[in-house]
Amino acid sequence: MTLDPRRKLEPQDAVDYITAVEDQLREVPHYWVQFLSSLEKYRTQQADVMTTIETVVDILHPFPHLLEGYNAFLPLPYGPDLWPLLPPEEPAMSEGLLAMLALIKDVEEYYVDRPEVYYAMVKAIQPRPENPRDKYQVIKEIEDIIHDAPPEFMHRFKKMMDVETFVQANDRATGTGR
């Protein structure tokens with residue numbers, strides 16, 4: 001998966017990337033778990049940027065296209081070459097990628113006894129070139145899948161999909177305000 005590092009990344013880019021990694025690592029689930037764990041450790045400040053990059057590179061080195069995709073989410077000065085010799089500071093990774101990873105992890109943990117719900121959500125957020133959907137269709141599909149999850153999950157997903165006005169209108173209509 002190659003993303004142009006010169007353009008602004010969208011939340012869907014994070015979804016597409018996570019989906020591509022999961023698809024590639026499906027046959028070796030422990031690597032998928034390691035990948036998510038490394039990003040979670042960074043998000044919770046248990047690992048710095050370089051440690052996270054090194055871990056991800058170790059996991060994804062057989063898949064150069066995934067490393068290129070990961071590279072697009074790295075902040076300067078870490079992209080586009082992955083390996084700066086002396087990084088001047090510790091900037092944050094793409095907030096969109098971290099937010100999507102955190103939500104996916106939270107859904108997986110919430111549905112630990114019903115993994116089919118987690119897998120249905122991951123499948124639903126994948127792009128479907130043969131049958132494209134707009135973001136509102138994806139949101140409705142996710143709502144149907146995780147209907148019994150904490151409402152905060154859907155609020156986070158809608159925010160990532162950049163539909164704040166949709167969230168507010170829906171909250172007013174359902175009386176669920178934040």
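The values are calculated or read from the model by the stated rules, or taken from the named source; none is laboratory data. Please read all numbers here as calculations on a predicted model, not as lab measurements. So basically every Cβ, Gly included, is an ideal-geometry build from the backbone, and we count neighbours across all protein chains shown.
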Residue tally, condition assigned to a helix (DSSP H, G or I), within 23 Å of Y17 (Cβ to Cβ) and within 17 Å of the chain's Cα centre (by Cα), over region 118-153: 13
Any idea how many residues of region 33-75 are surrounded by fewer than 18 Cβ atoms within 10 Å (Cβ to Cβ) and closer than 15 Å to L101 by Cα? 7
Hey, any hits in region 113-120 for a residue that's modelled with pLDDT of 85 or more, closer than 22 Å to Y70 by Cβ and among the basic types (K, R)? no
I'd like the full set of residues that are surrounded by 20 or more Cβ atoms within 10 Å (Cβ to Cβ) and either over 17 Å from L103 (Cβ atoms) or touching a Gly at 6+ places or on another chain (Cβ under 7 Å) (or both), limited to region 14-25. A14, Y17, L25
Go through region 106-126 and report how many residues are over 12 Å from M161 (Cβ atoms), touching a helix residue (DSSP H, G or I) at 6+ places or on another chain (Cβ under 6 Å) and touching a residue at least 60 places away in the same chain (Cβ under 8 Å). 1
